[in-house]
1. Any idea which residue in region 75-88 is surrounded by the most Cβ atoms within 10 Å (Cβ to Cβ), counting only those that are within 26 Å of Val55 (Cβ to Cβ) and at pLDDT below 85?
2. Let me confirm something: among Gly41, Gly49, which residue is at pLDDT 95 or above, of a type outside the set (A, V, I, L, M, F, W, C) and either surrounded by fewer than 20 Cβ atoms within 10 Å (Cβ to Cβ) or under 28 Å from Ala91 (Cα atoms) (or both)?
3. Quick check on this structure: which one of Ala65, Ala54 is touching a Pro at 6+ places or on another chain (Cβ under 6 Å) and buried (at least 16 other Cβ atoms within 10 Å of the Cβ)?
4. When region 35-93 is examined, which residues are found to be part of a helix (DSSP H, G or I) and of a type in the set (Phe, Trp, Tyr)?
5. I need every pair where a residue in region 7-26 that is assigned by TED's automatic domain parsing to the domain that holds Leu59 has its Cβ under 7 Å from the Cβ of a residue that is assigned to a loop (DSSP other than H, G, I, E, B) and among the small types (Gly, Ala, Ser), sequence separation at least 6 or different chains.
6. Return the total of residues in region 38-68 being under 16 Å from Arg79 (Cβ atoms) and either in the same structural domain as Thr100 (by TED's automatic domain parsing) or in contact with a helix residue (DSSP H, G or I) (Cβ under 8 Å, 6 or more places away or on another chain) (or both).
7. Among what's in region 96-154 and is modelled with pLDDT of 75 or more, part of a loop (DSSP other than H, G, I, E, B) and aliphatic (A, V, I, L, M), pick the residue that is surrounded by the most Cβ atoms within 10 Å (Cβ to Cβ).
Amino acid sequence: MIESEAEELLRGASLRVTRPRVTVLMVIHEHPHQDAATIVGLVRERIGGCSTQAVYDVLKTLVDADLARRIDLPNSSARYEGLRWDDHQHAVCRRCGALTDVHGAPGAIPLAVPQAPGFIIDAVEVTYWGICPACQAGTADPVAPRPEISHHHH
């Protein structure tokens, strides 16, 4: 993602364009599925003195504005990604914690919508659990579950 695209997204969400916001947005699009601590590191590589709190604040702002998606997983810190508006789900490796995108049929709701009287259900989030190819091949490091920089490019 280039800077002008990030600025465009911020303006479209009526958010003030600031250096930290632009940088965080670019980082989460280029390196999806990282936790906040990793994002702080990636942001600092680009703009230097940005406090941890500033990055957390930006992430919250972006999630609230629907420009980022926060992925909450049990026993793991939240991960973030830039929204790609395609309703994809995620598969998580039980051993190393790697997260990968799962794409279903376009527009398909992955499960039968449950009966929730009075509710208008507009989104479904599904997390698939399993063992990633690296762990199956024995090439991943099982003792250090760190989110990897994703190998696939969008």
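The values are calculated or read from the model by the stated rules, or taken from the named source; none is laboratory data. Quick caveat, the model's predicted, so the values are computed rather than measured. As a convention, Cβ positions derive from the backbone with ideal geometry for all residues, glycine included, and neighbour counts pool all protein chains shown.
1. Leu83
2. Going through Gly41, Gly49 in turn, just one is at pLDDT 95 or above, of a type outside the set (A, V, I, L, M, F, W, C) and either surrounded by fewer than 20 Cβ atoms within 10 Å (Cβ to Cβ) or under 28 Å from Ala91 (Cα atoms) (or both): Gly41.
3. Ala54
4. The first filter runs over region 35-93 and keeps only residues part of a helix (DSSP H, G or I), leaving 36-47, 52-64.
Listed by number, the list holds a single entry, Tyr56.
5. From region 7-26, the pairs are Ala13/Ala65; Leu15/Ala65.
6. 11
7. It comes out as Ala98.
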